[in-house]
Structures are given as structure tokens and as C-alpha cells.
Amino acid sequence: MKKTRKFGTGYRLAALLFSLALLMSAAACKSSEAPGAGASGEASPSQSDGASQGDGVSQGDDESQSADTGGENTAVSGDPIKIGTSFPLTGTVAADGQYIVQAIQFAVDEVNAAGGINGRQVELVNEDDQSNPTAAAAVANKFAEDDEILAVISSYNSSCALAQIPVYKAVGLSAISPVATSPAITGMSDYFYRTCVSDAYEGQLGADYCKALGWSKIALLFEIDDYGYGIKEKFEARAAEIGLEIAYTGDFVYGETKDFSTILSRIENAGVDGMYICGLVTETVLIANQAKTLGI
């Protein structure tokens with residue numbers, strides 16, 4: 001199944017606007033703090049739950065506490081409030097990344113047209129993480145080293161978010177994601193939040209939905225990355241609880257696998273009632289079209 005895209009454009013835009021509103025509020029508060037007052041390290045688990053459906057609380061250890069002063073940003077009053085974005089602007093899911101950034105810019109334009117925040121305009125600093133964890137880590141380091149960046153909205157891929165969160169945590173830079181869904185993100189940092197549902201819920205609900213459709217025997221496909229593994233594991237656990245048989249399990253490489261004919265032939269031979277795909281839109285469309293061509 002797809003990520004938040006499956007809920008429709010309206011829900012995605014609402015999540016993005018909510019992310020931006022939270023970040024701009026945090027940025028306004030942070031820019032007015034006295035030196036050494038801290039950024040967002042005082043966030044409690046309950047506060048984080050409200051922003052991210054129970055995701056985004058952390059250990060509250062000495063590392064994050066010491067980052068309060070070491071990572072303090074120093075934007076001067078009257079200067080624009082700069083918010084970084086890290087999404088795939090090139091590569092296989094570039095269209096999705098571009099849509100997200102456009103939606104964020106739409107919200108920024110509305111805020112600026114209304115006078116900005118405390119008289120200051122909001123400015124986006126957009127970076128391309130290429131859906132690649134290495135590139136994403138480089139983007140995070142760039143933002144962390146720039147004292148003018150007061151907050152960040154990132155990232156589309158869970159693997160990219162997992163590469164960035166430790167960097168943001170080290171300098172006390174607040175960040176929020178409207179899309180990253182891996183359960184591993186939960187509890188990593190007081191400085192990171194998300195507005196989308198965790199794969200822990202998506203995998204469970206996916207299995208329940210298959211059962212509700214009357215399926216008793218299914219094929220489970222997943223992309224080989226943190227996103228795919230996260231949903232797969234939760235789906236399998238729930239399937240075992242509700243008596244849903246997984247007759248075939250197959251994997252594919254995100255952004256690389258194009259021919260699914262062998263996998264689909266094995267699925268047909270397994271005699272399943274349907275298939276559940278733990279992947280993104282590009283591969284899901286390929287699988288659906290090829291299955292239709294093969295008459296599956």
C-alpha cells in the first residue's frame with residue numbers, strides 16, 4: 001500500500017500545512033528566546049503525541065540537553081524566518097517531492113501575505129535529498145551548520161529521515177515530517193516530529209483491511225528499505241493474530257525493479273485471493289499494470 005498518498009490530496013495538504021504551522025510557531029518562539037534558553041528540548045511526550053500521533057518523543061538525555069545552547073540559532077529581528085526543506089527534487093519520486101515543496105510554499109505565501117510572523121517574512125531554503133540517505137545526511141549537516149535555519153521540514157523517505165534526525169538532535173534543530181513513517185523514528189529525538197501515521201499502524205490496519213475484504217490467502221510484496229520492512233513486519237505480525245495466511249512473500253528494489261513478471265507468476269501459482277504491496281506509487285503502478293496485462 002502507498003503511504004499518506006492513499007488518503008488523498010486534501011489530507012496530504014492538510015498535514016503539510018499543519019507541519020508548517022507548527023514549525024513556524026516554533027521558529028517564532030525560538031528567535032525571540034534569550035541566549036541559552038533552549039530550543040525545544042522541553043517537549044514532553046504528551047506534547048509530541050499531539051503533533052505526531054504518538055511519535056517524536058525522545059530519551060531526553062544529556063546529549064540533547066547540551067545541544068540547547070550549542071545549537072542556538074541567531075537570526076536577527078527583522079530578518080526573514082528561514083525554514084529548510086529536504087525532499088527529493090530529482091530522481092524516481094521527484095514529482096512527489098516537488099508537490100510537497102509547492103504545498104509548503106503555498107502555505108508560506110499565505111502567511112507572508114497576512115504579514116508574516118511578528119512582522120517577519122518566512123523564507124524557504126529548499127534542498128534536494130534525492131531520496132538517498134547519504135545525500136539526506138549531507139543536507140541535514142548543511143542546515144545544522146547554518147545559524148539562519150530555524151527549523152526544517154523533512155523528509156519523504158524514512159531512510160532519509162533516519163539519517164537526518166541524529167544531526168538535527170545534535171544541534172537542537174527542530175524538524176518535522178509529513179511523510180516519514182518508519183516505526184524506528186519513534187523516540188529518536190525531542191527535536192523531531194511527524195504528522196503522518198506510523199507504519200506500526202499502517203501494517204496492522206492493512207492486514208485488518210485484507211481480512212475485511214474476505215481474503216484468507218494473500219501475497220505480500222515489499223520494497224527493500226526501512227519503509228518496506230517496517231510495514232511488512234507489522235503486517236506479518238497482525239496477519240498471524242487474525243489467521244490471515246501469507247502464501248507468498250516477495251521483495252523488490254525501490255527505484256530499480258521494473259519487471260515484475262516473475263514475481264507475478266509466482267503469485268498466480270500460489271493461488272492467493274489478493275496482494276498487499278508495501279511500497280511507493282511508482283512500483284505499485286508497475287505491478288498493477290503488469291498484473292492486468294498477465295490477466296492476474
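The values are calculated or read from the model by the stated rules, or taken from the named source; none is laboratory data. Only a predicted model underlies this, so the values are computations on that prediction, with no experimental measurement involved. Counting neighbours? That spans all protein chains shown, and the Cβs are built from the backbone with ideal geometry, glycine included.
Sub-7 Å Cβ pairs linking a first residue in the stretch 149-173 that is in contact (Cβ under 8 Å) with a residue 24 or more places away in the chain and among the charged types (D, E, K, R) to a second residue that is part of a loop (DSSP other than H, G, I, E, B) and crowded, with 22+ Cβ neighbours inside 10 Å, at least 6 apart or interchain, are K169/S189; K169/Y191, ordered by first then second residue. Restricting attention to the stretch 130-149, the residues that are surrounded by 20 or more Cβ atoms within 10 Å (Cβ to Cβ), small (G, A, S) and either over 11 Å from L173 (Cα atoms) or touching a Pro at 6+ places or on another chain (Cβ under 8 Å) (or both) total 2.
Quick one: is E241 in contact with a strand residue (DSSP E or B) (Cβ under 7 Å, 6 or more places away or on another chain) and not hydrophobic (A, V, I, L, M, F, W, C)? Working first, answer last.
Details: in contact with a strand residue (DSSP E or B) (Cβ under 7 Å, 6 or more places away or on another chain): no; not hydrophobic (A, V, I, L, M, F, W, C): yes.
So E241 does not fit the description; no.
Across the stretch 229-278, the qualifying residues are those that are modelled with pLDDT of 95 or more and of a type in the set (V, I, T), and the one among them that is farthest from L294 (Cα to Cα) is I242. The residues of the stretch 56-113 that are modelled with pLDDT under 50, closer than 17 Å to Y191 by Cβ and outside any helix (DSSP H, G or I), listed by number, are G56, V57, S58, Q59, G60, D61, G71, E72, N73. Residue selection: Y254 satisfies the criterion of being assigned to a loop (DSSP other than H, G, I, E, B), buried (at least 18 other Cβ atoms within 10 Å of the Cβ) and of a type outside the set (V, I, T).
On inspection, L124 does not qualify as out of contact with any Leu (no Cβ under 6 Å at 6 or more places or on another chain) and part of a loop (DSSP other than H, G, I, E, B). Just so you know, in the stretch 206-215 the residues that are within 17 Å of I277 (Cβ to Cβ) and in contact (Cβ under 8 Å) with a residue 12 or more places away in the chain include one that is surrounded by the fewest Cβ atoms within 10 Å (Cβ to Cβ), and it is L213. Could you tell me which numbered condition D226 fails, if it satisfies all but one of (1) crowded, with 21+ Cβ neighbours inside 10 Å; (2) without any contact (Cβ under 8 Å) to a residue 60 or more places away in the chain? Going through (1) crowded, with 21+ Cβ neighbours inside 10 Å; (2) without any contact (Cβ under 8 Å) to a residue 60 or more places away in the chain one by one, D226 breaks only (2).
Among the conditions (1) touching a Pro at 6+ places or on another chain (Cβ under 6 Å); (2) crowded, with 19+ Cβ neighbours inside 10 Å, the only one that Q121 does not satisfy is (2). In this structure, is D146 in a helix (DSSP H, G or I), over 30 Å from G279 (Cα atoms) and either touching a helix residue (DSSP H, G or I) at 6+ places or on another chain (Cβ under 7 Å) or modelled with pLDDT of 95 or more (or both)? For D146, the condition - in a helix (DSSP H, G or I), over 30 Å from G279 (Cα atoms) and either touching a helix residue (DSSP H, G or I) at 6+ places or on another chain (Cβ under 7 Å) or modelled with pLDDT of 95 or more (or both) - is not met.
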